Amino acid sequence: MHVSRHHYFTEEQYLRREREATERSEYFDGNILAMAGGSLRHNRLCASISGALWLRLRGRPCQPSSSDQRLMTPGRLYTYPDVAVYRGKIELRPGTTDVAVNPTVLVEVLSDGTREYDTGDKLAAYKTIPSLLHVVLAEPDEALVTVVSRQGAEWVVAELRGLDGTVELPGIEVSIPVAEVYDGLVGPEGPLAI
């Protein structure tokens, strides 16, 4: 991830630039961070998770959104989660029409270039969001899903390795079989050619 450190940007400068940009970037503490594009496997896994959530949430007061929805954490990290679920109305940062602040579930599909950041600083920033109940971290090349869930004041981690488990998101009353998440991407013997 490339960080622009030669100039301090205000949040308003970042938002103005971002709305006119052809490529997306994140913002934190005056720095604009370029985002890498996802691989075909990454994009298919995002679509699979988003689709599974969409099917289970239809007609309910929760709505999934894609990686085009900008999110701001309380610590002022502006980012684009791969998939997000919002319970009820999406709340926006005051003065904006495109910066959500109240996700219930966030999903990140990991990659070699983002794994350390997604499971470290970004996850820590996500955990500060008061409305957030679950963070799902999915590996694209193997059936491995980590679900980080708020239980009271604590965060509990559940790791699902292999195709037999179920991603449990009790905060939105959703269960998704891992085999469904990875259908067409990973088989019993490992990654499938796509």
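The values are calculated or read from the model by the stated rules, or taken from the named source; none is laboratory data. A quick note: this is a predicted structure, and the numbers were derived from the prediction, not measured. When we count neighbours, we look across all protein chains shown, and the Cβ atoms used for this are built from the backbone with ideal geometry, even at glycine. Note: areas computed on protein heavy atoms with side chains; ligands, DNA, RNA excluded. Shrake-Rupley method; radii C 1.70, N 1.55, O 1.52, S 1.80 Å.
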Checklist outcome for this item: Eigenvalues of the alpha-carbon gyration tensor of the chain, times 5 and square-rooted, give semi-axes in Å, largest first, of 27, 20, 15
Next on the checklist: Less than 15 Å Cβ to Cβ from E11, Lys/Arg counted +1 and Asp/Glu -1: what total charge do the surrounding residues give?
Outcome noted: +1
Checklist outcome for this item: In region 153-194, the GluC sites (Glu not before Pro) that sit in a DSSP loop and have at most 16 other Cβ atoms within 10 Å of their own Cβ are E173, E189
Checklist entry - Can you give the accessible area per residue of the chain, in Å², using a 1.4 Å probe? => result 52 Å²
Next on the checklist: Just to be sure I understand the model, the point goes 7 Å from the Cα along the line to the Cβ. What's the resulting L192 to D141 distance in nm?
Outcome noted: 1.9 nm
Item to check | 19 Å cut-off, amide nitrogen to a point 7 angstrom out along D183 Cα→Cβ, residues in region 63-93 | outcome: 64
Checklist entry - Taking N as the number of residues in region 112-166, what is its Cα Rg relative to 2.2 N^0.38 Å? => result 1.18
Checklist entry - How far, in nm, would the chain grow between Y80 and T166 when pulled straight, counting 0.36 nm per residue and subtracting the alpha carbon separation? => result 28.4 nm
Item to check | Ratio Rg/Rh, restricted to region 1-106 and using Cα atoms, in which Rh is the Kirkwood radius | outcome: 0.99
Next on the checklist: Using amide H atoms built in the peptide plane, which far-off residues or other-chain residues are under 5 Å from E91 H to H?
Outcome noted: V101, N102
Checklist entry - Between V83 and residues 5 or more places away or on another chain, which pairs have amide H atoms under 5 Å apart, with H built 1.01 Å from N, and which residues are they? => result V107
Item to check | Gain on full stretching of the segment that runs from S66 to H7 - 0.36 nm per residue minus C-alpha separation | outcome: 18.2 nm
Checklist entry - Residue by residue through region 134-151, which ³J(HN,Hα) values in whole Hz follow from phi under the Karplus form 6.51 cos²θ - 1.76 cosθ + 1.60 (θ = phi - 60°), with glycine and proline marked x? => result 9, 10, 10, 10, 10, 7, x, 9, 8, 6, 9, 10, 10, 10, 9, 10, 7, 10
Item to check | Within the chain, percent of DSSP bridges classed antiparallel, to nearest 5 | outcome: 85 percent
Checklist entry - Got a sec? Charge dipole of region 27-184, +1 on Cβ for Lys and Arg, -1 for Asp and Glu; which of G171, A100, V135 is way out at the positive end? => result A100
Item to check | Heavy-atom accessible surface of region 1-140: percent carbon and sulfur, 1.4 Å | outcome: 51 percent
